Structures are given as C-alpha cells and as structure tokens.
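Working notes for the structure below.
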Amino acid sequence: MSRTTPFASPLLLGFDTMEKTLERISKASDGYPPYNIERMRADRVSGEPERLRITLAVAGFSEDELDITTEENQLLIRGRQVEQEERDYLYRGIAARQFQRVFVLAEGMQVLGAALKNGLLSVDLIRPEPARMVKKINISVSQ
C-alpha cells in the first residue's frame, strides 16, 4: 500500500526536506516534558520587541543538565539527569529521565536567550523585521 503525503503533488517541487521534518516531529512527540508557547507583546517603554516564549516544566534539572541548541531551522532542547546512586529511595515517583524536545523555527526566527527559574525553562524567540528590498528589473527590448 503506497503512502500519500501532502507534498506528493508534482507541482510541489523541493519540499522533501519539509516532509522529512514533519515526519521527525510526529515521531518525537511523547508529551514529556510539558510546555507552553506564548506570545509576549512588544513593550514600547522598555523597547522590547514582540517575541515568543517557550516554557518547559523541567523540575529537578539543573542548568548543567540542560542543553539548548539551534541546528539549521530547529531549536533542540535536551535534558539529561545524572543518577545519584547514593540515595536509598523508599518510593520513587520522580523519574530521572532524559528528554529531547524539537521545535521547527520559521525562516528568520532567532533565539534571544533562555532562563531557568523555579523548575521552568523559558526560551525567548524573536523574528526581526526583514529589510525591505526593492529591485528594479530592466526589460530588454529586441528590435
């Protein structure tokens, strides 16, 4: 049985990387850690531009156990806790588990910074206004 994709049309050329990205994202979504995405309005007083904020619940992770990178058009957030073997748990309801969260970024998106506070990791993103370019195209006339 052949699989049809949204990009299977012969009129859509060069979208194979986007299709692969969508497949990778659909496989990687296990729901951990939970996260929010919110739009932060521009603040004219402080001059901060409008931005997006991704907030992940990473209770139990320290700054050294978290890694945030951008790779091509993807934001990768990884967490890896180190097992502390000297503890003797009577009950263990908080698992030390690793995670990887991938967010696909639109063209031009930039990471402003990240902060870890009270078990919440916040990553701020902006999309700077692109410079408007007007290019005059000369028309050749043959006689």
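Per-structure values
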read-out	value
With all protein chains modelled, accessible area of ARG87 [1.4 Å, Å²]	140 Å²
Given charges at beta-carbon only (K, R positive; D, E negative), |dipole| of the chain in Debye	700 debye
Ranked order, LEU11, LEU125, LEU120 - accessible area, probe 1.4 Å, largest first	LEU11, LEU120, LEU125
Dipole of the chain, positive direction: furthest Cα of LEU56, TYR89, GLY14, with charges on the beta-carbon	GLY14
Estimated 222 nm signal from helices in the chain, with DSSP H stretches of n ≥ 4 weighted -39500 (n - 2.57), rounded to 500	-3000 deg cm²/dmol
Identified option (computed Rg and Dmax of the Cα atoms in Å; candidates (1) 21.8, 92; (2) 16.0, 51; (3) 16.9, 53)	(1)
Listed residues GLU38, GLU63, GLU86, most fluctuating in the chain (Gaussian network, C-alpha, under 10 Å)	GLU86
Range of Cα positions in segment 53-112 per principal axis (Å), largest first	49, 16, 16
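The values are calculated or read from the model by the stated rules, or taken from the named source; none is laboratory data. If you're wondering where the values come from, they're calculated on a predicted model, not measured in any experiment. Here the Cβ is made from the backbone with ideal geometry for all residues, glycine too, and neighbour counts use every protein chain on show. The accessibility values were calculated without ligands, DNA or RNA, using every heavy atom of the protein model including side chains. Shrake-Rupley method; radii C 1.70, N 1.55, O 1.52, S 1.80 Å.
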